[in-house]
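Enquirer: Right, I'll just put the structure down here and ask away after.
The values are calculated or read from the model by the stated rules, or taken from the named source; none is laboratory data. Owing to the predicted nature of the structure, the values given are computational and were not obtained by experimental measurement. A quick note on method: Cβ atoms are made from the backbone with ideal geometry, for glycine too, and the neighbour counts reach across all protein chains shown.
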Amino acid sequence: MLRFVATFLACLTLALPISAQQADAPIQQLLQSQSDLIIESSRRTIGPAIDALANSGMPEAQVVLDKWQTREMWVNKETGLFVYAEEVDRDTLRIFDFADGSEIAEVPDDGFDQLKPNSGIRGLIGTALVQFQLSDPNPDTRQRALDAIERGAEESHLAALRASLPKEPDALILARKQRLERLLTIAYGATDAERIEAIQSFGGDLGVDVRAALNPLLAVRVEAAEALPADADIGRVLEPGSAALSRDDAYALLVAANLAKPRISVEEQRNALIANIADGQVAGIQVATLNSQEARDMAYAALAEQGTVTAVATEAEVDQRLSNHVFFERYVGAPPEVVFAAQAALNAIENKVAINQMFDLSLDALSLASIYFLAAIGLAITFGVMGVINMAHGEFIMMGAYTGYVVQLFIPDYTLSILVAIPLAFAVTFGAGVAMERLVIRWLYHRPLETLLATFGISIALQQIAKNIFGTQARPLTAPGWLDGSLVINDIVSISYIRIAIFVLALLFLALFLFVMNRTRLGLEVRAVTQNPRMAASMGINPDKIKMLTFGFGSGIAGIAGVAIGLYAKVTSEMGSDYIVQSFMTVVVGGVGNIWGTLLGATMVGFLQKGIEWFNPSNTLAAQTYMILFIILFIQFRPKGIIALKGRAAEA
Amino acid sequence: MSDVAIGQRRQPFALRFPSVMIFLAILALFTVGVTILSEGFGIGVISTSFIKTLGKTLCLCLVALAMDLVWGYCGILSLGHMAFFGLGGYAIGMWLMYARTEIIVLESLAAAELPPTPEEVSNGIATQIFGVVGSSEFPPIWAFAHSLPLQFAAVVIVPGLLALVFGWLAFRSRVTGVYLSILTQAMTLALSLHLFQNDSGLRGNNGLSGLQNLPGLDDVPQATVSLWFFWASALALGLGYVLCAWIVSGKFGSVIRAIRDDEARVRFLGYPVEAFKLVIFTLTAVIAGIAGALYYPQAGIINPAEIAPIASIYLAVWVAIGGRGRLYGAVIGAAFVSLVSTWFTGGQAPDINLGFYTISWVDWWTVLLGLSFVCVTLYAPKGIGGLIDLITDRKSPNRHGASLGPDQGSLREQEAEK
Amino acid sequence: MSMKFLSTTAAAALLVSTLPAFAQDVSCPIKVGVLHSLSGTMAISETTLKDTMEMLVDIQNEKGGLLGCQLEAVVVDPASDWPLFAEKARELLTVQNVDVIFGSWTSVSRKSALPVLEELNGLMFYPVQYEGEESSKNVFYTGAAPNQQAIPATDYFLEELGVEKFALLGTDYVYPRTTNNILEAYLKDKGIAEEDIFVNYTPFGHSDWSKIVADVVALGADGKKVGVISTINGDANIGFYKELAAAGISADDIPVVAFSVGEEELSGLDTTNLVGHLAAWNYFQSADTPANEEWVAAWKARMGDDRVTNDPMEAHYIGFNMWVNAATAAGTTDVDAVRNAMYGQEFPNLTGGTAVMLPNHHLTKPVLIGEIQADGQFDIISQTDPVPGDAWTDFLPESAVLKSDWKDLGCGMYNTATSTCVQIKSNY
């Protein structure tokens, strides 16, 4: 031991050891005996080391496992002794002895290696720790134990869990324990009756954990026999060539069970033929003629007749063999009674799952619709009301998002910064909109196609300017903490708070739009100017000013939408172009000049896209393609959109 | 109008529209000049890569001509013509890939001990072409890829058919103006999104590449091949120009210009407006497809990014900057903007040091381009072509009685009066 | 090719084979082409590599240049426009007469430049992890092949995390497609059933992730441990990770390993909710070696304190230094001489150990797995021994028979079953 002290003294310059480490303490010796495994730190091999610690019966073992799991265990490079430590600063550790929890010293971290158990090992440690933690006085520790059981349940947990139930003081944790106890009973219950009872207690429960417990019970093995056995554990009968069992698979099953002759792949056939080439001939057939599959089949058959290669099954034989056998599933997950109970429970759950999935999908669609609506509402004003094609609309969204980013650079508090960013984004894009209207758009009111081009020019210029200022890297726009996480209704239906916030924002905008257009003098004047500018002018309204303000208003709303979209997705110079085509389509599909149309358009586009995604979940791109195609067709048959303005307003 | 028109019709086409002859002469001179200066057949002043750039520019001029015909003359601001351009490229690219790969596969299979079966050849080709996207089977749309004539036909038929169907749907439901622009843009977006999918059968985002290597002509240096394509592009542009000029000079041309200026009035006069628009839309789509088929073997690769909506908007911008409603304007615009663009983004343009900030053209060129659209739209609606008017000191067209052929340009009345 | 050059060759018509090469050797400065997009969508990633190359060239010049010449970086901008890569590559090789090119990021840009490189016998170093299935005579692949990133990461999932059900999420383009194909074949090899592999492709820049994340969570319904292997590219990651964080998915429940997310991508994100999720690379900025400390310090001194280093930068670092050493060894920058001198070149990795250039134009590299930390860096939790890069994967039947050996066989696509060279040029 003196030697260790001397080593420390020699290599430590920062602090003197307060006490020496007990190298011969039983826990340290146990650790040393498992040292190789612990340092190798692989989930495949770590099992014995964890078991040794967990079953040692030493009270310190719990500390070791605990510190190891939280990455606080270090090993002295020189002596190989294990300690736990806290980091004083970047280069300094305060190390403690496992034997008695006493502080040893403050040392530089160069002499020590941190043990970094990966998530898999941490899970195993957690599983091993369960026995110590289930009755721990600290509720957080007990929760952790339950987490560990959820992640990696073992048969031994069931007894431990049951034992801890009567002593549980906390009602919430007790409920969680009881639920886990029933789940574990399904998997590890001693009697079938007990398991079936546990299964039935979950009637209609939507938890993923319940299905996770039930589904393994339904595991099947596909078997083949000449006649269907009468055993109780037989499930479905499968037809070869059906979706559940392909013809090739079925035959492979027969071959594997030695019930049929093997078949041969094209590759193997070719190799066999090549192996039997003699004098430019295979079984008397010229090699040069073997340039079709039929010729090769014939040559192979000829070889088989000669006995040089084994005969293989012909298609007819395959069919005959397949028709002579029945294929069926045999339950291997649990005894039949349990399986049937699980099946019944799952059937009951599945209907509810389907309904809830529909509901969740609708929520997603609603959320997507509100995002489209938010992106399009500014356009509904500039394009819908004023008839101005503003291709730079997407860039106004981008400007709003970057405004949010810049505000966050100056105001670190996320809540406050968002509160500042929203009006500021409105102000910035309002200003940009007014400037654009004054400088460019007002000269082009009678030339809509030219407006498209000019605003497109502005769009690419703004995009590139944003790139030059902020760089091409995406910038973070972080939501305040209270918007983190999601509203979880059950394990299937959930929606993130940020999406709810966007939905609320979309509703607010709708209300704002309706209020401004229908209840304010500005709205009245806007409607007057759009319907008949000359008449409006003769009534003392200044159409120029009104158009300027309307355009600014539409642009300002796009800016606020930018903040919201940046919070939920990303802030890049190209984010605007992601939304521009969709936004135009939303407005056009809904019907130009009507905010309810835009709302309907956004809803339709959102639901449609989610609906297509649901049919084809592996390819989101296809969903977007089909959605656009659908919209194109829709516009062919309803060119004026869902809500078409009638009468004079339509001509304006 | 009728008197003048009848009077003019007696003259030969070439004499009535000297600009066509001037254009063809310039094009011929340019082609001969480039050939003399080239590496392949001349003294090697112009590098092969620049020949390719010039050849590609000629193709872009051709598609700009088509755009001018459909937008400048017929008033349909199509944001879909680069999609047709791309389809033409894909059609020819399929044959180029197939044929080149077939040669490689046959060569490698010839060394095998058994003669290859047709399945082996086909699988070998498919694996080589689609291995990159993790597939080894031919999608159905490659059914004709083995045949050059069929794929040549596809260059014309595929864009033409798409334009016909789309145009028929859109025009019959009277979708016009900006709505039509947005709709064509949506079509382009849908097409590019579709092609972006690997399942589309055209190698997804990777597209078709290695198109500059002509099958069986591996020994011919690119310096020569690039000139072949340059000549072909020049020929196509010349023919395209004559065709477009001929179309806009006759009665057909008068009707489509009338449709542009007042569609409803033309319809009331009894003309089948939709049919006229459909013919122009389809014809220009075919021209775009041919231009694309010439362009992409020079570019070497085609992929869905080429037909993203922005490409079609750029096309409109070229025509606008060049001066729409006059055929040479479209050519000037496409050539000028694309070459200047190449120059600025190529890093050759000198940076401007303002002392506190250095303007690097790589960063600021797009800004300049964007702002120049705005200025052209606002202050020079006639575009660069308008300069020709200044030089020849000609007035803007007097819409009441004058010929409205390609020489005089053809702007909206209120613009011309400005 | 200049006129002067042409007339020289014409005059010395009998000596064409040796003279041009010699004439090229003595020309100072030695030009290093940099073919990275400085504008367009890929500028986000590639601009960093352009800066890296300029820094490497400057460092080398400070050391006295190469073969007695100063080096000069010739930077062009292919603007994320794939055909432009071919055009600019041709320009670099014929107009600028560069001796070597460092460039490309996406596979499609590499495939666009490939025919030109092969036609003109150029030399390019490609620094990004890619899907493999290629070995060109004229390209050295200094990024990871699938067996140097994807396969070890999947092994880590299988063995260390005990994942039994896989969600392969990717952006819809060639790298994720091919990588996922290889992984699917590999997982089936390892006994994972087909229905336990969920594949999804999303477009570039995808932002609406709620349904996909919900689908992944729902995979856990049959009681198997779910893991996500993400080949999601670029910006789309931001929305994906934001949604993961919002759904409260902890790395202990559903771990996510990403192949395209590095330090640079994380700088656009608040990573506090992502701690513990994984990435697999051959390099992390947090690697604790003296060489790396020096490299990071030099980078920060040049570019600013908030800049991070990443894996493709290290690939260029290794590639450039190997090229310098090979050219020194060959005594020329002639492409064929340098290429022959490249085989077996060794250079120390920034993460420790030594990278070796193999005859199949790939490197041996260690594979690192890092956990995301709250500060946007990675905590390296696993580092393998150096793995030799494999151009043709062993897990797809068509590729398993192929191998590449430019040194002895002189073929990048050699069929070992039939002992023939399928083709000398590459598939484009």
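Enquirer: Looking at region C:291-314, which of its residues are under 21 Å from C:S135 (Cβ atoms) and touching a strand residue (DSSP E or B) at 6+ places or on another chain (Cβ under 8 Å)?
Expert: C:D311
Enquirer: Can you tell me which of B:M82, B:M97 is buried (at least 23 other Cβ atoms within 10 Å of the Cβ), within 14 Å of chain C (Cβ to nearest Cβ) and under 30 Å from C:Y414 (Cβ atoms)?
Expert: B:M97
Enquirer: A follow-up question, please. Tally the residues that are touching a strand residue (DSSP E or B) at 6+ places or on another chain (Cβ under 8 Å) and within 14 Å of chain C (Cβ to nearest Cβ), restricting the search to region B:11-44.
Expert: Residues flagged as touching a strand residue (DSSP E or B) at 6+ places or on another chain (Cβ under 8 Å) and within 14 Å of chain C (Cβ to nearest Cβ) within region B:11-44 amount to 4.
Enquirer: Name the residue, out of C:E159, C:E184, C:E131, that is within 11 Å of another protein chain (Cβ to nearest Cβ), assigned to a loop (DSSP other than H, G, I, E, B) and without any contact (Cβ under 8 Å) to a residue 60 or more places away in the chain.
Expert: Result: C:E131 is the single residue among C:E159, C:E184, C:E131 that is within 11 Å of another protein chain (Cβ to nearest Cβ), assigned to a loop (DSSP other than H, G, I, E, B) and without any contact (Cβ under 8 Å) to a residue 60 or more places away in the chain.
Enquirer: Right, something else. Within region B:108-130, which residues are away from chain C (no Cβ under 13 Å) and surrounded by fewer than 16 Cβ atoms within 10 Å (Cβ to Cβ)?
Expert: B:P118, B:E119, B:V121 - these are the residues of region B:108-130 that are away from chain C (no Cβ under 13 Å) and surrounded by fewer than 16 Cβ atoms within 10 Å (Cβ to Cβ).
Enquirer: Say whether the condition of being in contact with a helix residue (DSSP H, G or I) (Cβ under 6 Å, 6 or more places away or on another chain), assigned to a loop (DSSP other than H, G, I, E, B) and closer than 22 Å to A:F340 by Cα is met by at least one residue in region A:231-238.
Expert: yes
Enquirer: Moving to a separate point now. Would you call C:S230 more than 14 Å from chain B (Cβ to nearest Cβ) and either surrounded by 22 or more Cβ atoms within 10 Å (Cβ to Cβ) or charged (D, E, K, R) (or both)?
Expert: yes
Enquirer: Filtering region A:78-91 down to residues that are out of contact with any Gly (no Cβ under 8 Å at 6 or more places or on another chain) and surrounded by fewer than 17 Cβ atoms within 10 Å (Cβ to Cβ), which residue is modelled with the lowest pLDDT?
Expert: Only one residue fits best here, namely A:R90.
Enquirer: If we scan region A:263-271, do we find a residue that is surrounded by 14 or more Cβ atoms within 10 Å (Cβ to Cβ) and farther than 24 Å from C:T416 by Cα?
Expert: Yes: region A:263-271 contains one or more residues that are surrounded by 14 or more Cβ atoms within 10 Å (Cβ to Cβ) and farther than 24 Å from C:T416 by Cα.
Enquirer: To continue, here is another question. Being more than 7 Å from every other protein chain (Cβ to nearest Cβ), part of a helix (DSSP H, G or I), over 25 Å from A:M399 (Cα atoms) and of a type in the set (K, R), is that true of even one residue in region A:435-442?
Expert: no
Enquirer: If you check every pair at least six apart or on different chains, which have Cβ atoms under 6 Å apart with a residue in region A:464-482 that is more than 9 Å from chain C (Cβ to nearest Cβ) and assigned to a loop (DSSP other than H, G, I, E, B) first and a residue that is buried (at least 18 other Cβ atoms within 10 Å of the Cβ) and among the small types (G, A, S) second?
Expert: Close Cβ pairs (under 6 Å, with a partner that is buried (at least 18 other Cβ atoms within 10 Å of the Cβ) and among the small types (G, A, S)) amount to A:L477/A:G404; A:L477/A:G566.
Enquirer: Select from region B:339-364 the residues that are more than 12 Å from every other protein chain (Cβ to nearest Cβ) and touching a residue at least 60 places away in the same chain (Cβ under 8 Å) and list them in ascending order.
Expert: Matches in region B:339-364: B:L339 only.
Enquirer: Which of (1) at pLDDT 85 or above; (2) under 21 Å from C:E159 (Cα atoms) does C:S260 not meet, given it meets every other one?
Expert: Going through (1) at pLDDT 85 or above; (2) under 21 Å from C:E159 (Cα atoms) one by one, C:S260 breaks only (2).
Enquirer: Considering (1) assigned to a helix (DSSP H, G or I); (2) in the same structural domain as A:Q463 (by TED's automatic domain parsing); (3) hydrophobic (A, V, I, L, M, F, W, C); (4) touching an Asp or Glu at 6+ places or on another chain (Cβ under 9 Å), say which one A:A421 fails and leave the rest.
Expert: Checking A:A421 against (1) assigned to a helix (DSSP H, G or I); (2) in the same structural domain as A:Q463 (by TED's automatic domain parsing); (3) hydrophobic (A, V, I, L, M, F, W, C); (4) touching an Asp or Glu at 6+ places or on another chain (Cβ under 9 Å), the one that fails is (4).
Enquirer: Follow-up. Does region B:194-220 hold any residues that are within 12 Å of chain C (Cβ to nearest Cβ), touching a residue at least 12 places away in the same chain (Cβ under 8 Å) and hydrophobic (A, V, I, L, M, F, W, C), and which are they?
Expert: The answer is B:L195, B:F196, B:L208, B:L211, B:L214.
Enquirer: For region C:215-229, indicate whether the set of residues that are touching a residue at least 12 places away in the same chain (Cβ under 8 Å), in the same structural domain as C:T154 (by TED's automatic domain parsing) and within 23 Å of the chain's Cα centre (by Cα) is non-empty.
Expert: For region C:215-229, residues touching a residue at least 12 places away in the same chain (Cβ under 8 Å), in the same structural domain as C:T154 (by TED's automatic domain parsing) and within 23 Å of the chain's Cα centre (by Cα): present.
Enquirer: How do the pairs read when you match residues in region B:129-143 that are under 18 Å from C:S112 (Cα atoms) with residues anywhere that are of a type in the set (A, V, I, L, M, F, W, C) and assigned to a helix (DSSP H, G or I), using Cβ under 6 Å and keeping only pairs 6 or more apart or on different chains?
Expert: Within 6 Å, the pairs are B:I129/B:M97; B:V132/C:V174; B:V133/C:V174.
Enquirer: Among the residues of region A:569-579, which ones are closer than 21 Å to A:A623 by Cα, at the interface with another protein chain (Cβ under 9 Å from one of its Cβ atoms) and touching a residue at least 40 places away in the same chain (Cβ under 8 Å)?
Expert: Across region A:569-579, the qualifying residues are A:M575, A:S577, A:D578.
Enquirer: Return yes when A:L124 is surrounded by 18 or more Cβ atoms within 10 Å (Cβ to Cβ), touching a Pro at 6+ places or on another chain (Cβ under 9 Å) and either part of a helix (DSSP H, G or I) or within 11 Å of chain C (Cβ to nearest Cβ) (or both) and no when it is not.
Expert: Taking the combined requirement at face value, the residue satisfies it.
One line per residue, one yes/no per condition, for (1) closer than 30 Å to A:G481 by Cβ; (2) charged (D, E, K, R):
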residue: A:A506; (1), (2): yes, no
residue: A:F509; (1), (2): yes, no
residue: A:R521; (1), (2): no, yes
residue: A:M539; (1), (2): no, no
residue: A:I546; (1), (2): no, no
residue: A:A558; (1), (2): yes, no
residue: A:A561; (1), (2): yes, no
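Enquirer: While we're on this one: Just to be sure I understand the filter: pairs with C-beta atoms under 9 Å, separated by 6 or more residues or on different chains, first member in region A:80-105 and without any contact (Cβ under 8 Å) to a residue 60 or more places away in the chain and within 20 Å of A:L37 (Cβ to Cβ), second member buried (at least 21 other Cβ atoms within 10 Å of the Cβ) and among the acidic types (D, E). Which pairs pass?
Expert: Correct list of pairs: A:Y84/A:D97.
Enquirer: When only residues in region C:162-181 that are among the hydroxyl-bearing types (S, T, Y) and not in a helix (DSSP H, G or I) count, which is farthest from B:G207 (Cα to Cα)?
Expert: C:T171
Enquirer: Which one of A:L379, A:L416, A:L346 is touching a His at 6+ places or on another chain (Cβ under 7 Å) and either of a type outside the set (D, E) or in a helix (DSSP H, G or I) (or both)?
Expert: A:L379 is the lone residue from the list that is touching a His at 6+ places or on another chain (Cβ under 7 Å) and either of a type outside the set (D, E) or in a helix (DSSP H, G or I) (or both).
Enquirer: When A:I565 is evaluated against the numbered criteria (1) farther than 30 Å from C:G248 by Cβ; (2) in a helix (DSSP H, G or I), which criterion, by number, is the only one it fails?
Expert: With respect to (1) farther than 30 Å from C:G248 by Cβ; (2) in a helix (DSSP H, G or I), A:I565 is out only on (1).
Enquirer: Now for a different question. Hey, C:V57 hits all of (1) part of a helix (DSSP H, G or I); (2) of a type in the set (V, I, T); (3) at pLDDT below 85 but one; which does it fall short on?
Expert: (3)
Enquirer: So, one more: If I go through region B:131-163 residue by residue, how many of them are surrounded by fewer than 20 Cβ atoms within 10 Å (Cβ to Cβ), more than 13 Å from B:I92 (Cβ to Cβ) and within 18 Å of the chain's Cα centre (by Cα)?
Expert: 2
Enquirer: Return yes when B:V158 is modelled with pLDDT of 90 or more and of a type in the set (A, V, I, L, M, F, W, C) and no when it is not.
Expert: It is true that B:V158 is modelled with pLDDT of 90 or more and of a type in the set (A, V, I, L, M, F, W, C).
Enquirer: Might you check whether a residue that is assigned to a helix (DSSP H, G or I) and among the basic types (K, R) occurs anywhere in region C:303-319?
Expert: no
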